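Chemist: Pasting a structure here, questions to come.
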Amino acid sequence: MSIDLSQFHQIFYEESFEGLEAMESCLLDLDTDSVDSETINTIFRAAHSIKGSSGTFGFTEITEFTHVLETLLDQIREGSRQLTQAHVDLLLQSVDCLRGMLSHLQAGEPAESDVAKSLIDSFNAILNGEETAASEPDDDQSNAATVIDDQPTVSTDNRAEKTEYVIRFKPELGMLRTGNEPTRMFRELAELGEMDVTCDIEKVPSFDQLSPEDCHVSWEINLSTEKEMSDIQEVFEWVEDDAVIEIDMVAGLFIDPPTDAAEQVSQAPQEELVIEASSESDKKAAKPAAKPKASTKTQESTSIRVGTDKIDSLVNLVGELVITQSMLGQLGTDFDLSKLAKLQEGLAQLEHNTRELQESVMRIRMLPISFTFSRFPRMVRDLSRQLGKQVDLKLMGEQTELDKTVMEKIGDPMVHLVRNSLDHGLETPEERIDAGKPETGIVTLNAYHQGGNIVIEIIDDGRGLDRDKIRVKAIENGLITESDHLSDDQVYDLIFQPGFSTADAVTDVSGRGVGMDVVRRNIQELNGSVEVHSEPGLGSTFTIRLPLTLAILDGQLISVGVQTYIIPLVSIVESLQVDTSLINHVAGGCDVFRLRDEYIPIIKLWEVFGIEPASKDISDSLLVVLEVGSSKVALVVDDLLGQQQVVIKSMESNYKKIEGISGATILGDGTVSLILDITDLVYMAGIHHQQSRISHLKAVDDHRAA
């Protein structure tokens with residue numbers, strides 16, 4: 001009976017992707033002039049772990065690729081080869097290639113790649129003494145590489161003398177169930193030197209009591225190698241918690257070593273344990289069948305790692321909830337009015353426990369934003385080279401937590417904003433020097449909590465937005481007219497209009513006018529907003545505000561006629577009684593309300609949804625002022641009912657997409673209440689067509705006042 005290793009595939013993918021993230025981060029931090037040995041060791045260990053685990057699961061393409069990568073890293077960490085920028089570039093390309101191969105395997109597709117074959121050839125060329133121009137290193141690096149490669153190859157006979165070890169390997173009974181096969185470890189040991197293996201079968205039970213998934217045998221291994229003890233320990237690092245491993249350094253153990261140790265090792269243990277994939281061809285034949293693509297994607301999207309402290313907190317809260325439920329149950333068996341006070345006390349305790357349980361469950365979904373930030377150092381490095389700019393990326397607030405779902409969806413909008421900062425915002429080194437700035441530009445990513453939101457800032461110290469250029473382009477596109485008077489923020493907000501671009505030429509990076517409107521739309525779909533602030537010559541700041549989670553919402557209940565709706569509390573600025581003297585009618589059918597020094601468009605919810613209000617006289621209604629992006633709107637409602645936290649249910653997945661509605665929830669009385677999508681409501685009411693007219697009205701009013 002063989003073990004189904006496919007049950008461990010998802011863990012393998014997750015750990016491998018984490019290893020690649022660690023490799024990429026370390027490679028970006030490497031300084032070829034002063035190589036940190038610990039950084040090289042970290043990269044090597046990550047590659048070695050991926051190689052070992054991929055071999056365990058029969059992913060030979062990954063194993064073969066990481067083997068040559070690992071060999072180069074081994075030479076660099078031993079000091080027999082000097083690290084050059086060309087090596088770093090090649091290793092970064094290999095990280096990308098491995099990430100792609102693993103993604104293909106995870107989706108149930110073949111992992112073979114022409115890129116992988118090309119990179120293997122490049123690695124082999126370097127290992128054979130031929131430096132390849134993977135990324136065209138500079139002259140100093142090329143010369144350094146040439147000097148190293150011109151040195152005579154060091155013979156293995158002239159290296160450090162062999163050391164002999166005795167290794168006692170005693171697996172626990174259930175080690176095989178974790179997917180670890182001893183034969184694969186023996187093959188790795190055989191690559192380190194000459195070895196002899198003795199198998200102890202004393203504890204193997206009789207056939208009728210034998211379970212093929214239990215490991216009853218142990219081994220004593222004599223190994224003669226030039227490697228360090230740490231290299232031997234790395235072979236067993238995957239099973240150190242599932243076995244007793246003793247490694248002792250001795251001498252004079254090998255009298256007549258076997259001529260083909262590797263072959264004997266691969267066969268001898270299998271006479272005692274029936275383990276599949278004893279040869280390369282068998283391994284390929286025994287490769288587990290790939291899962292359907294859709295199934296893999298579902299697993300990936302629902303997988304999350306949780307700290308044990310969060311689980312412990314959840315268990316404790318469930319215990320308290322059970323106690324409260326038991327108390328209420330006893331009260332209910334023989335209830336009379338004398339127990340009313342205890343019932344109220346119990347219900348208050350239940351509410352407290354439920355709220356704490358809810359918050360604890362939500363913390364499980366919270367992850368540090370460093371998971372999103374980690375993609376940008378590599379992107380900035382590559383893009384700055386492509387654009388011929390010098391850029392320093394600063395990351396702040398990396399431990400700020402937000403919901404996993406929000407984090408997954410905010411990645412792409414952030415990528416676009418960072419690319420824009422590099423392409424449009426930052427100047428070339430020559431332009432920066434002429435402007436009296438350091439030649440290296442700075443892009444800062446900052447995240448922090450503010451109220452019930454998370455705020456993400458993308459800041460650059462570049463040239464800033466050109467107000468006049470944006471205005472001219474907006475007039476050409478018919479977005480505004482010559483007579484429109486817009487504030488700086490309103491002008492800068494025009495860059496989020498569909499098809500808007502001030503780029504003089506279309507490049508691979510930007511200039512097509514596609515992207516900024518999508519950025520805003522994607523952020524608004526998360527119930528968030530994006531704003532831009534810019535100072536000419538000093539730089540720009542894009543500010544994204546997002547809810548911490550998409551699962552639970554703090555909402556304000558409102559009524560319009562017989563209907564009850566919920567407005568996200570974070571969108572509400574204030575609510576007030578209507579003073580009809582402050583309402584003006586603008587040509588085109590829009591009413592605006594003057595609130596202090598600004599005109600706010602009015603949305604009559606009953607007109608948008610076609611329902612009958614309690615009264616169509618605005619003076620009998622209330623206005624709820626809402627913030628939408630950088631502007632405001634006023635919603636006419638009949639009454640404010642109260643505030644409460646609600647669990648959001650998707651309309652799209654349970655019914656269909658409804659304009660103006662972002663979701664639904666079930667209230668305490670069992671009725672369903674719809675959650676308003678304020679951004680959709682603005683577009684449905686046609687308010688965005690009136691913004692320029694409102695600005696003009698304000699300008700005229702200010703002129704009269706002056």
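Chemist: Per-residue HN-Hα couplings for segment 198-208, Karplus 6.51 cos²θ - 1.76 cosθ + 1.60 at θ = phi - 60°, whole Hz, x for Gly and Pro?
Modeler: Each residue of segment 198-208 in turn: 10, 9, 9, 10, 4, 8, 6, x, 5, 4, 6 Hz.
Chemist: A further question follows. Once you've got the Cα coordinates, tell me which of 310/649; 51/162; 469/632; 51/389 are over 31 Å apart.
Modeler: Working: 310/649 25 Å; 51/162 25 Å; 469/632 26 Å; 51/389 36 Å.
Violating the 31 Å Cα-Cα cut-off are 51/389.
Chemist: Can you tell me the length gained on complete extension of the stretch residue 554 to residue 375, counting 0.36 nm per residue apart and subtracting the Cα distance?
Modeler: Full-extension gain reported as 61.3 nm.
Chemist: Moving on to the next point. Could you tell me which of rounded, prolate or oblate describes segment 437-482, using a ≥ b ≥ c as the square roots of the eigenvalues of the alpha-carbon gyration tensor, with rounded for a/c under 1.5 and, failing that, prolate when a/b is larger than b/c and oblate otherwise?
Modeler: In terms of gyration-tensor shape, oblate.
Chemist: Identify all aspartates and glutamates with a Cα-Cα distance to residue 117 below 16 Å; exclude those on the same chain that are fewer than 8 residues away in sequence.
Modeler: Here the aspartates and glutamates satisfying the reach criterion relative to residue 117 are 61, 64, 70, 96.
Chemist: Say R0 is 25 Å: what FRET efficiency, to the nearest 0.05, do residue 82 and residue 191 get from their beta-carbon distance?
Modeler: 0.50
Chemist: Another one. Can you tell me which of 654-660, 468-474, 186-192 comes out highest on packing, and rank the rest after it, using the mean Cβ neighbours within 10 Å?
Modeler: Ranking, from highest mean packing down: 186-192, 468-474, 654-660.
Chemist: Another one. Which value in nm describes the separation of the simple spin-label points at residue 29 and residue 208, placed 7 Å from the Cα toward the beta carbon?
Modeler: Here the answer is 6.1 nm between the modelled labels.
Chemist: With the cut-off at 1.5 for a/c, could you classify segment 394-485 from its C-alpha gyration tensor as rounded, prolate or oblate?
Modeler: Oblate, because a/c is 1.5 or more while a/b does not exceed b/c.
Chemist: Within segment 192-233, name every residue whose backbone N is under 12 Å away from a label modeled 7 Å from Cα of residue 168 along the Cβ vector.
Modeler: 219-221
Chemist: Hey, can you rank 556-567, 58-69, 663-674 by average C-beta count inside 10 Å, highest first? Walk me through the numbers on the way to the answer.
Modeler: Values: 556-567: 18.8, 58-69: 20.6, 663-674: 13.6.
Most protected by this proxy first, the peptides run 58-69, 556-567, 663-674.
Chemist: Take the Cβ-Cβ distance between residue 672 and residue 415 as r, set R0 to 51 Å, and report the resulting FRET efficiency rounded to the nearest 0.05. List each step's numbers first, then the result.
Modeler: Details: r = 37 Å, r/R0 = 0.73.
FRET efficiency, residue 672 to residue 415: 0.85.
Chemist: Then there is this: Check which residues have an amide H placed less than 5 Å from residue 427's amide H, if you skip close sequence neighbours.
Modeler: 463
Just so you know, all these numbers are worked out from the coordinates, no wet-lab data involved. What you are looking at is a predicted structure, and each value in this text was computed from that prediction instead of being measured. When we count neighbours, we look across all protein chains shown, and the Cβ atoms used for this are built from the backbone with ideal geometry, even at glycine.
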